[in-house]
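Novice: What follows is a structure written as structure tokens; I'll ask about it next.
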Amino acid sequence: MTTTQRPPTLDPLAVARWQRVAPLASPWLHEEVASRMQDRLQWIKLQPQSWAHWGAVRGGLKAHAQLALKYPKSECFVAEVGAMRAQSAIKNIASPWWKPTGWGQKAVRFEAPPPAGVDMLWANMALHEAADPQALLAEWHQALKVNGFLMFSCLGPDTAIELREVYKQLGWPPAGHELTDMHDWGDMLVQAGFAEPVMDMERITLTYETPARLLQELAELGRNFHPARFPALRGRHWKARLEEVLATHLVKGADGRLSLTFEVIYGHALKAQPKIRVSALSAVSVQDMRAMLHENRTKP
């Protein structure tokens, strides 16, 4: 039995609340990561006839436009969490019939893809906010066709490590929930049924003129989902105290700007041909059987 009791350790209620109130915009960092993830598509030979963008509003609206240009003849699904994000996706992505730029492109479907419905699933900077990441990976696996592929990115454990150290030194509750290691994501991909996972990581250092700007950036990116976070509301005095602490303790460069690290994890994996376990009695789902029959028919 697959367990879901693995990092990240986060409060599902806090995640659900954030998904309701998160800004209906793509943060700069998300767009930057999406651009770097698109560079990795040059190594993918498969040209998807259909693809899904999981969380386009927060994951990268500019990136979506670029992907749509890359795959203009492909059917596209946009899956969002909640009605507000879905409405925002329609507003920002749907092309009016009278605009010539949309002519020749297939209409976007603003819904989750059906089982075995897409050749590529694109999910940028969403997985680290999943309360049950293994369930989400299983959902992505189900949405892909056999030989389809997943492209995703998320934040890793060293994200905001400078801030976490400050909180730890001062004896404060955790600054954020525990983020999953790259190797653990690879293991979970295999558990979800994916094959040939390829994982890599990079650290992006952002600098800020003031603690206030740093905190503003973090507020745009997410919230503290750790179950042991400070349980009550903070006031102006607390914020002023926090800015003072950050100005004192965070690493400063030669230009006096404050530095903050973001570890970004990139993942790619395939949905392989389902395997039949050989035993006295073997069972195969109807969906997998159809996939195998179709695969055999198309072989030369």
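The values are calculated or read from the model by the stated rules, or taken from the named source; none is laboratory data. From a predicted model like this one, the values you see are computed outputs, not experimental measurements. Reconstructed Cβ throughout: ideal geometry from the backbone, glycine too, with neighbour counts over all protein chains shown. The accessibility values were calculated without ligands, DNA or RNA, using every heavy atom of the protein model including side chains. Shrake-Rupley method; radii C 1.70, N 1.55, O 1.52, S 1.80 Å.
Novice: Ranked highest first by the average count of other Cβ atoms within 10 Å around their residues, in what order do 48-58, 182-192 fall?
Specialist: Ranked by mean Cβ neighbours within 10 Å, highest first: 48-58, 182-192.
Novice: Over segment 116-177, with every protein chain in place, what whole percent of the accessible area is carbon and sulfur at 1.4 Å, could you tell me?
Specialist: Roughly 52 percent of what the probe reaches on segment 116-177 is carbon or sulfur.
Novice: Right, another one. Could you name the aspartates and glutamates whose alpha carbon sits less than 16 Å from that of Lys91, not counting residues in the same chain fewer than 8 places away?
Specialist: Glu80, Glu111
Novice: Here's a follow-up. Students often forget the sequence filter, so: which lysines lie under 24 Å Cα-Cα from Lys45 once same-chain residues fewer than 8 apart are removed?
Specialist: In chain and number order, the partners are Lys62, Lys70, Lys73, Lys106, Lys145, Lys271, Lys275, Lys299.
Novice: Using alpha carbon centroids, what distance separates segment 106-125 and segment 232-265, in Å?
Specialist: Comparing the Cα centres of segment 106-125 and segment 232-265, I get a distance of 38 Å.
Novice: What is the local net charge at Lys145, summed over the other residues whose Cβ is closer than 9 Å to its Cβ (Lys, Arg +1; Asp, Glu -1)?
Specialist: Values: positive: Lys271; negative: Asp119.
Spelling it out: positives minus negatives among the neighbours equals 0.
Novice: Nearest 0.05, what FRET efficiency do Arg241 and Ser35 give at R0 = 51 Å with Cβ-Cβ as r?
Specialist: 0.90
Novice: Shifting gears a bit: By the gyration tensor of its Cα atoms, with a ≥ b ≥ c the square roots of the eigenvalues, what is the shape of segment 30-102: rounded for a/c under 1.5, prolate for a/b over b/c, or oblate? Walk me through the numbers on the way to the answer.
Specialist: On the way: a/c = 1.76, a/b = 1.24, b/c = 1.42.
Oblate is the answer for segment 30-102, as a/c is 1.5 or above yet b/c matches or exceeds a/b.
Novice: Rounded to two decimals, what is the ratio between the C-alpha radius of gyration of segment 73-219 and 2.2 N^0.38 Å?
Specialist: So the Cα radius of gyration is 1.30 times the expected 2.2 N^0.38 Å.
Novice: May I ask for the Kirkwood hydrodynamic radius of the chain, worked out over all distinct Cα pairs and given in angstroms to one decimal?
Specialist: Over the chain, the inverse of the mean reciprocal pair distance is 21.0 Å.
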